[in-house]
1. Kindly check whether there is at least one residue in segment 210-224 that is touching a residue at least 60 places away in the same chain (Cβ under 8 Å), of a type in the set (Gly, Ala, Ser), buried (at least 18 other Cβ atoms within 10 Å of the Cβ) and in a loop (DSSP other than H, G, I, E, B).
2. What number of residues in segment 111-129 are buried (at least 17 other Cβ atoms within 10 Å of the Cβ) and outside any strand (DSSP E or B)?
3. Please name all residue pairs, on different chains or six or more residues apart, with Cβ atoms under 6 Å, provided the first residue is in segment 108-130 and is among the hydroxyl-bearing types (Ser, Thr, Tyr) and the second residue is assigned to a loop (DSSP other than H, G, I, E, B).
4. Kindly provide the set of residues from segment 31-67 that are among the polar types (S, T, N, Q) and touching an Asp or Glu at 6+ places or on another chain (Cβ under 9 Å), ordered by number.
5. For the structure I just gave you, tell me whether residue 15 is among the small types (Gly, Ala, Ser), surrounded by 16 or more Cβ atoms within 10 Å (Cβ to Cβ) and under 29 Å from residue 212 (Cβ atoms).
6. Restricting to segment 1-54, what's the tally of residues that are in a helix (DSSP H, G or I) and among the hydroxyl-bearing types (Ser, Thr, Tyr)?
7. So in segment 20-46, with the set limited to residues that are closer than 18 Å to residue 9 by Cβ and more than 29 Å from the chain's Cα centre (by Cα), which one is surrounded by the fewest Cβ atoms within 10 Å (Cβ to Cβ)?
8. For the subset of segment 175-190 comprising residues that are out of contact with any His (no Cβ under 7 Å at 6 or more places or on another chain) and buried (at least 23 other Cβ atoms within 10 Å of the Cβ), which member is farthest from residue 128 (Cα to Cα)?
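The values are calculated or read from the model by the stated rules, or taken from the named source; none is laboratory data. These numbers come from a predicted model, not from an experiment. With ideal geometry, Cβ positions are generated from the backbone for all residues, glycine too; neighbour counts draw on all protein chains shown.
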Amino acid sequence: MPTNLISDADKKNLANSAAGIDSDKGDARTKAVTAQLLYRLMQVIDECDVSMDEFWAAVAFIGKAAKNEELGLLVPGTALEHFLDLRLDEAERLAGLNGGTMRTIEGPLYVPDAPLSKGEARMDDGTDPGEVFIIEGQVSDEDGKPIAGAIVDIWHANSKGGYSFIDGEQAPYNLRRRIETDEQGRYRAQTIVPNGYGCPPESATRQLMTALGRHAERPAHVHYFISAPGHRQLTTQFNFTGDKYLYTDFAFGTREELVVTLDRVVDADAIRNAGLNRPFARTTFDVVLTKERANVPQTVVSRAHVTAG
């Protein structure tokens, strides 16, 4: 079938009509965005000669993904979450904000209200046989001043790549903690080295990645939210050097500035000084927060999260 069967003007008029542009009722912002989305979708259908079978297969795919609660995977997997970060980076740059730690995607697996402790926390419950991992760091502002009382919210997968509340195998809030920084802005977490994960074999997300000729795997990583009064909340994570999927993360979460190298500690005295009885891994992850400023898009995002109930 020939492409561009419908004129551009007719597509735009139809999209505007469907979005209620000519009506004085409804929400103006919703109508404006809907009109643009419909217009661009109509352009794609017409220019790519999308068949009716293809269109309804796509509708069924989106329905399957929504039913399986996979939209939080599809958004990063199609680079849209990373794109939102890039836009926020540029908005901050234009506003003169710089010097803070690089942001990256939140991902779909955050659970709010993890246990809160001061200064340090044990994140794992001791049942995972994985490698002991010590994370230490300091939270400061862009002038280098330590921020006491900052909340460092950390979550990550276990040694199998599973998350508590998601895999059905772990205790509630395992590998999820909030740590309030001490007077020097420091925090310390004892946990286990996480593994990466892949989208389930039967998932809609993996189905799409396969159709695109891509894999559906994430490298090992540790997620962070860091917040403090008067400062912009930071959403970030770090990855590990040497991971097979480090630079091909299907979720586009890797940023070079956020890659760390693990220090493997085998010295007996160092092991005892850390309060442990076996070799362990450690790394330092310092965080710099920027001060809040007017007329810059906010960094606290309202979105659905996994519930602890």
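1. Within segment 210-224, one or more residues are touching a residue at least 60 places away in the same chain (Cβ under 8 Å), of a type in the set (Gly, Ala, Ser), buried (at least 18 other Cβ atoms within 10 Å of the Cβ) and in a loop (DSSP other than H, G, I, E, B).
2. 5
3. 110/305
4. Applying the first criterion (among the polar types (S, T, N, Q)) to segment 31-67 yields 34, 36, 43, 51.
Correct list: 43 only.
5. Numbers: among the small types (Gly, Ala, Ser): yes; surrounded by 16 or more Cβ atoms within 10 Å (Cβ to Cβ): yes; under 29 Å from residue 212 (Cβ atoms): yes.
Yes.
6. At the first step, the residues of segment 1-54 found to be in a helix (DSSP H, G or I) are 8-18, 28-47, 52-54.
Then drop every residue that is not among the hydroxyl-bearing types (Ser, Thr, Tyr), which leaves 17, 30, 34, 39.
The total comes to 4.
7. Filtering first and then ranking leaves 22.
8. In the first step, residues of segment 175-190 are kept if they are out of contact with any His (no Cβ under 7 Å at 6 or more places or on another chain); the result is 176-190.
Still in the list and also buried (at least 23 other Cβ atoms within 10 Å of the Cβ): 176-177, 179, 181, 187, 189.
Details: 176: 14, 177: 16, 179: 21, 181: 26, 187: 23, 189: 16 Å.
This residue is 181.
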